[in-house]
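See structure below.
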Amino acid sequence: PVHARARGGGLVAVSGERIELDRAKILSVGRPAIAAFLQKLNVYKATADVEAGAGMYGAYSAVPPDLMALRQAVLDQKQPRKLFVQPVMALDDAAGVTYKDYPSSAEGMVQSFVERFAAGGPLGDLVDHLARCGQLPFPAA
């Protein structure tokens, strides 16, 4: 696998819970390792070789026994995925432009979407227009 090739070439060194990358070997060791990986992956995809592709995935995703403690340390530090929630800006007769921010959560994302596309929201007129033209794949509420 590519990680074994990169480790064998001295690009990556693992000791305990510390991973060191030799930046001087990125082009000489890392680039050929990634090129070989991508070439093999592309061949499996282009030929629709599901069996070989699944075997490759299994080999690359398997954690060697000597790195299990490091894997657990990484998982212990794992944080939830950060969400970018788009704020809603709209024209307001009194204030000019209003800006509303939402929490970075699934609930905030849904609320932002609802308020942006709801009737009276900044894009509500667009949704109404598309509904009248028959351009929506669903009925507008």
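Return yes or no: is L83 under 30 Å from S15 (Cβ atoms) and either open to solvent by 60 Å² or more (accessible area, probe 1.4 Å) or not in a strand (DSSP E or B) (or both)? Criteria not met by L83.
Scanning the range 29-54 for residues that are at pLDDT below 90 and of a type in the set (S, T, N, Q) yields a total of 0. A count restricted to the range 21-51 and to residues that are open to solvent by less than 70 Å² (accessible area, probe 1.4 Å), assigned to a loop (DSSP other than H, G, I, E, B) and either under 14 Å from G9 (Cβ atoms) or among the β-branched types (V, I, T) (or both) stands at 1.
Confirm whether K82 is touching a Ser or Thr at 6+ places or on another chain (Cβ under 7 Å) and at negative phi. So K82 fits the description; yes.
The set of residues in the range 109-123 that are of a type in the set (A, V, I, L, M) and more than 24 Å from the chain's Cα centre (by Cα) comprises A118, A119, L123.
Count of the range 99-121 residues, restricted to those that are touching a helix residue (DSSP H, G or I) at 6+ places or on another chain (Cβ under 8 Å) and either within 11 Å of Q86 (Cβ to Cβ) or not in a loop (DSSP other than H, G, I, E, B) (or both), is 3.
Comparison of Q135, Q72 shows that the only residue that is without any contact (Cβ under 8 Å) to a residue 60 or more places away in the chain, out of contact with any Gly (no Cβ under 6 Å at 6 or more places or on another chain), part of a loop (DSSP other than H, G, I, E, B) and of a type outside the set (A, V, I, L, M, F, W, C) is Q135. Residues in the range 102-141 that are of a type in the set (D, E) and surrounded by 12 or more Cβ atoms within 10 Å (Cβ to Cβ) were compared, and the one that is modelled with the lowest pLDDT is D128.
In the range 57-84, which residues are hydrophobic (A, V, I, L, M, F, W, C) and out of contact with any Pro (no Cβ under 7 Å at 6 or more places or on another chain)?
A62, V63, L67, M68, A69, L70, A73, V74, L75, L83, F84
Residues of the range 9-20 that are surrounded by 12 or more Cβ atoms within 10 Å (Cβ to Cβ) and at negative phi: G9, L11, V12, V14, I19.
The values are calculated or read from the model by the stated rules, or taken from the named source; none is laboratory data. Computed from a predicted structure; not experimentally measured. All Cβ positions, glycine included, derive from the backbone under ideal geometry; neighbour counts span all protein chains shown. Calculation scope for accessible area: heavy atoms of the full protein, side chains included, ligands and nucleic acids excluded. Shrake-Rupley method; radii C 1.70, N 1.55, O 1.52, S 1.80 Å.
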